[in-house]
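Just so it is clear, none of the values below were taken in a lab; they were calculated from the coordinates. It should be emphasised that the depicted structure is a prediction, and the values quoted were computed from it without experimental measurement. Cβ placement follows ideal geometry from the backbone for every residue including glycine, while neighbour counts extend to all protein chains displayed.
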Amino acid sequence: MLSAVPPQSPVSAQAHRAVISALAEQIEARQQQFGHRCDARPIPTGWQDIDSTLGGGVAAGALHEWFGDGDECSRNAPWFPPMAVLAHVAHRATLGERQSTIWVGRRCWAYAPALIGADESKRPFVERSMLIDATTVDERAWAIDLALRCPAIAAVIADGTGLKLAITRRLQLAAASGGAACLLLRPPWELSELSAAKTRWRVRAECSENTEPRWTVELLRCKGVRPMRREGARWVVRLDDETGNVSLVAAAGERRDSAEGSPDRRTA
Amino acid sequence: MALSQARVVLSNPRVEPHRGDRNSASLRGLAAWSSRFSPHVAVDGDGLLIDVSGCARAFGGEERLLALAKKQYAALGFEATLCIAPTFGCAWAVARFGTPGIVPEGEARRALLDLPLAALRITGAAVQSLHEVGIERIGQVMELPRSLLPSRFGDELLLRVDQAIGQALELIEPVRVAPPPVVSQVFDGPTTQWEAIAVCTRVLIERLASLLKEKESGARRIDIVLERSDLPPESLTITLSMPTRDARHLWSLVRPRLERVNLGHEGRGVEEIRVGASLVKPMAHEQVESWGDRRTDHQQELASLLDTLRNRLGTDRVCRVQVRESHLPERAMVLRCGPEDEPSRTALLGAIDRPTLLFANAESAAVVSLAPDGPVMSLQWRGGESRITTTQGPESVGAEWWRRREPCRSYFKVQDEHGRWLWLYRENQTSMWFVHGIWA
C-alpha cells in the first residue's frame, strides 16, 4: 500500500513537496517491481525551448502521438504525417546506446535520401532503419508491440491510423517495459479519439517567406508537465534546404502576437 | 624462381610469405566442394584425387564431366588441369606431365611410356639413381626386368609403377564432409494430437540446439519434416537472419507455422518428425551473459525481432533502406528484403533538396502556369484546388545515359496557400504534370 501522512494542519509548501516526492518514489519502486522500467532517459530534441518544456526532451519508453496536417472534420481529406519532425526526433533517439529504428506501415516510410542529405553522421541512422510493411490495424499493433519490447530498438515510428484506446494502452505498456520511444502518426480527424499516449502533438504547415518549409509544432497534451503558456505550447520549426536539419525558429505564440491582424487559418 | 631473380625482373614485386597451412586448408575446402562430382575426393599434396568411377554416367559421359568440372573450377577462380585415367597414378602423372584429358580404359600403360620419371611419384633420390644409369622415361623402367628393380632402386619404384598401370591397389583417404545435424523422432503409431507433436518438436529443437552447441555453430536455416501416413510429407523451412542455436527463439518461430499444418485424418497422422539444420554457420561460444558485449547482444535481439516479423508477415515485407546514387528520385531509394549478410551501402547524395515523403506512384495533377517553365499559379490535385504562392525550379532530372528511353522531367518545388511544400514535375515529352512528393 502507498502510505503518506496527510497534512492535518496548514503546512508549508516545502512539506507538501516532500510528501509528494515520497509518494512518487513509492510509485516508482512499485513500478520497477512490476517490471515497468523507468530508467529510460528522455531524448533531447536539440530544440532548447521544447526540451525545457518537456523536462529534458521527448520521453523514451513512452507513447507519443503526432497528428498530421489536414482537415480535422473530414475523414476522406488527404493528410500527411509530419515526417521531417519525426525523423529528427527518431534520429536523436538513435544517438544513444540503442541504434535501430523500425518504421511500421507504408504510409510512414520517409524518403531516405532526404533524411541523410549531405550529413555523414546520419548515415548509420538510415542504415539501421528497418521498414515493416504492415497493413491491417492488427498487424500494425502486433508489429509495434513486438518492436517496442526489443532492447535494440531506439524508436518505433508507426502509422497509428485507427488504433483504439485499448491498443494505445497496450503500446504504452510495451514502450514502458522495453524503453523505446514510440512515435505514432495519426490523422487529424482522430484528434477526438481517446488514447493513453504520454504526449500529443499537432504539426501543421506554416507559410514561409523563403524556400525553407516551416511547420508549427503544437504540444496538445503532456502528462506530468504543467502547461507553460496560456495559449498552449507552440513552436515553429524550419527545415534547412541544404543540410536537411530541422531547427527551431521561435515560439509560435510570440510570432502570432507580432503578426496580429493577418489572416491566420489556425485560429479557425 | 628465386625471390632475388624476381626482383631483378620486376622493379617492385609484391612479396607474400608462403602459408602452407592455409594452402592445405583451402585445398580441403575445395575437396569438400568437389564432392559434387564424386563422393570420394582426397587431397593429395598440391592436387585433388577424385574417384569418378561410375559417376561419369550421372553427368552424361566422361567428356562432359571433364568440361563441366573445368567450367565450374574456373567459375571459382581456379585454372585446373584435369585428367581422367584408369588409375590414380596415371591420372596424377598425365595431369602434371602429359597432355591433360581422358586416358581410355587399358591405355594407362601407353600414356605413361613417354613421361619423365618424376611422374611416377617417387623420391628425388630414386630419380637421381635411375638417371645415373641413363634411364629418363617411364617406358625405359618398364622394359627393365621386374625382379631387378626392388634390389637396385628400392620397393617404392615397383609399387608406383604397378599402381600407375593398375596392377597394384591404391587407396585414397577421402575428405569427409560433416553432414548437417538432423535429429528425429518416430512415434509408436501415427498421431493427430497437436500437443504431442508440439512437445516432440520442441524437444527435438532443443536436441538440435545442443548438437549445434557441441559443433560451435549456429543454424541459418531449419527444416522440419513431418512424415504423414496418409499424406505426402509436410516440410517447414525457417530461414534466420543470423546464425542461432537459441532453442527458445527457434521454437517461437516454428510454433506459429506448426499450428497451421494439416496433421492428416483421424486414425492416421504424423508418424515421424525430423528437425535438421540444413544451413549451418560457425558461431563462437558466447561468454557468460553479464560479461557479454552490449553491441552484439543488441544485434542478436534485433535479429530475433526481424525473424519473428518475417515469419508472420513474410520476408518481402521486412526491408532495409539503401540510398543509391541515381538522379531519378524513385531509384535513389532502394528497399532490400534479403538477409543481413552483406553490409548495406548508403550513398551520400550531397546537399540536394528532396521531399521527406515520396509517393510510390507519382500522382497526376492539373497545373496552371504562366509560362512553360514559369511560376505555377494553381494546382488541382486529389480532388482539391489550391493557389500556389511560391515556385522554385525547374530542376531538370533525367535518367542515366544507358536508360535513354525514360523521359526527362522538370521538377518544381512549390508552396501552396496553406504553406505546404509540394514537389511537382512535368514530363518534358508529354507536358503532363505529376505530384511526386511533399515536404511533410
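Of the candidates B:A347, B:A360, B:A178, which one comes out as most mobile in a Gaussian network treatment of chain B with C-alpha springs shorter than 10 Å?
Comparing B:A347, B:A360, B:A178 in the GNM, the peak value goes to B:A360.
Assuming R0 = 51 Å, what is the FRET efficiency of A:R106 and B:F78, from their Cβ-Cβ distance, to the nearest 0.05?
Working from the Cβ atoms, E equals 0.65.
According to the square roots a ≥ b ≥ c of the eigenvalues of the Cα gyration tensor, what is the shape class of the protein assembly as shown, taking rounded for a/c under 1.5, prolate for a/b larger than b/c otherwise, and oblate for the remainder?
Here the protein assembly as shown falls in the prolate category.
A:A233's amide H: which non-local residues (gap 5+, or another chain) put their own amide H closer than 5 Å, with H modeled 1.01 Å from N in plane and none for Pro or chain starts?
Those qualifying (amide H under 5 Å, at least 5 residues apart or on another chain) are A:L219.
Rank-order A:233-241, B:30-38, B:228-236 by packing density, defined as the average count of other C-beta atoms within 10 Å over each peptide's residues, highest first.
So the peptides A:233-241, B:30-38, B:228-236, ranked by packing, come out A:233-241, B:30-38, B:228-236.
Between B:S235 and B:A178, what is the spin-label point distance in nm, taking each point 7 Å from the Cα along the Cα→C-beta axis?
Label at B:S235, label at B:A178, 2.3 nm between them.
When B:C83, B:C90 are ordered from fewest to most other Cβ atoms inside 10 Å of their Cβ, what list results?
Lowest count first: B:C83, B:C90.
Once you average over the residues of A:233-246, how many Cβ atoms of partner chains fall within 10 Å of each Cβ?
2
Along Cα→Cβ, 7 Å out, is where each label goes; now give me the distance between the ones at A:E25 and B:L148 in nm to one decimal.
10.8
Show which aspartates and glutamates lie in cross-link reach of B:K70 when reach means a straight Cα distance below 14 angstrom and same-chain residues fewer than eight apart are skipped.
Here the aspartates and glutamates satisfying the reach criterion relative to B:K70 are B:E62, B:E79.
At a 10 Å Cβ-Cβ cut-off, how would you order B:Y73, B:Y425, A:Y111, fewest neighbours first?
Starting with the residue having the fewest Cβ neighbours, the order is B:Y73, B:Y425, A:Y111.
For the protein assembly as shown, give me the percentage of DSSP beta bridges that are antiparallel, rounded to the nearest 5 percent.
Rounded to the nearest five, the antiparallel share is 80 percent.
Within 10 Å of each residue's Cβ, count the other Cβ atoms and sort B:T356, B:T390 from fewest upward.
So the residues, fewest neighbours to most, are B:T390, B:T356.
So which lysines can A:K164 reach, going by Cα to Cα under 20 Å and dropping same-chain residues fewer than 8 places off?
Cross-link targets: A:K198, A:K223.
For peptide A:113-123, what's the mean number of Cβ atoms from other chains within 10 Å of each residue's Cβ?
Mean shielding count: 6.
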